[in-house]
1. Out of (1) within 12 Å of the chain's Cα centre (by Cα); (2) open to solvent by 40 Å² or more (accessible area, probe 1.4 Å); (3) without any contact (Cβ under 8 Å) to a residue 60 or more places away in the chain, what's the single condition that is false for Gln109?
2. Kindly provide the set of residues from the range 58-87 that are of a type in the set (Val, Ile, Thr) and surrounded by fewer than 18 Cβ atoms within 10 Å (Cβ to Cβ), ordered by number.
3. If you check Ile69, Ile51, which single one turns out to be touching a Ser or Thr at 6+ places or on another chain (Cβ under 6 Å) and within 16 Å of Val113 (Cβ to Cβ)?
4. Taking only the range 34-45 into account, find how many residues are open to solvent by less than 80 Å² (accessible area, probe 1.4 Å) and more than 25 Å from Asp72 (Cβ to Cβ).
5. Just give me the residues in the range 3-46 being of a type in the set (Gly, Ala, Ser), closer than 15 Å to Tyr93 by Cβ, over 11 Å from the mean Cα position of the chain (by Cα) and in a strand (DSSP E or B), in sequence order.
6. What's the number of the only condition in (1) in contact with a helix residue (DSSP H, G or I) (Cβ under 7 Å, 6 or more places away or on another chain); (2) of a type in the set (A, V, I, L, M); (3) open to solvent by less than 40 Å² (accessible area, probe 1.4 Å) that Val100 fails to meet?
7. Return only the number of the condition from (1) in contact (Cβ under 8 Å) with a residue 12 or more places away in the chain; (2) open to solvent by 70 Å² or more (accessible area, probe 1.4 Å) that Ile54 does not satisfy.
Amino acid sequence: QVQLVESVGGLVQPGGSLRLSCVASGNSFSSYFMGWYRQAPGNQRELVATITSIGTSNYADSVKGRFTIFRDTAKNTVYLQMNSLKPEDTAVYYCNARHVRYGSEYWGQGTQVTVSS
C-alpha cells in the first residue's frame, strides 16, 4: 500500500509559477513510476508528466517546456514545477504512483490549481 499526500495548490496569475509536491508513504518508493495528472471541469483526467525511478521523464505536449517533474528518493517525494502558467492549466492535479512490476496504482487526493488574473 502507498499513500500519497499532495501539497496545497493555489491561485496563480497567468505567467506565474507554482510547485506541487507529493509525499509517498511506505517503502520501495523507487519501485514506482510517479506521475501527475489533472482534470478540469467537464474534462477527463489527463496525463501531465511522468517520471521513472531512474529519472526519465515524459510530458504532455501542452506542458512541454513549461513544467518539470522530478523526484527525491531520499524524501519519497515527487515534484511538479510549473512555470509560465496559463488559464488553461486550471484543474485539479493528482499525484499517481504505479508499481513498476505489478502495475498496482495509487492516487493522491487531488489539489486545486487555478490560474487567473
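1. (3)
2. Passing the criteria: Thr68, Thr73.
3. Values: Ile51 fails: within 16 Å of Val113 (Cβ to Cβ).
Checking each option against the conditions leaves just Ile69.
4. Step one: of the range 34-45, the residues open to solvent by less than 80 Å² (accessible area, probe 1.4 Å) are 34-40.
So of that shortlist, the ones also more than 25 Å from Asp72 (Cβ to Cβ) come out as 39-40.
So the count comes out to 2.
5. Correct list: Gly10 only.
6. The number of the failed condition is (3).
7. It is condition (1) that Ile54 fails.
The values are calculated or read from the model by the stated rules, or taken from the named source; none is laboratory data. Note that the coordinates shown come from a computational prediction; the quantities given were computed from them, not determined experimentally. Using ideal geometry, Cβ is built from the backbone for each residue, glycine included, and neighbour counts are taken over all protein chains shown. Ligands, DNA and RNA are stripped out before the accessible areas are found, and what is left, the full protein with its side chains, is counted by its heavy atoms. Shrake-Rupley method; radii C 1.70, N 1.55, O 1.52, S 1.80 Å.
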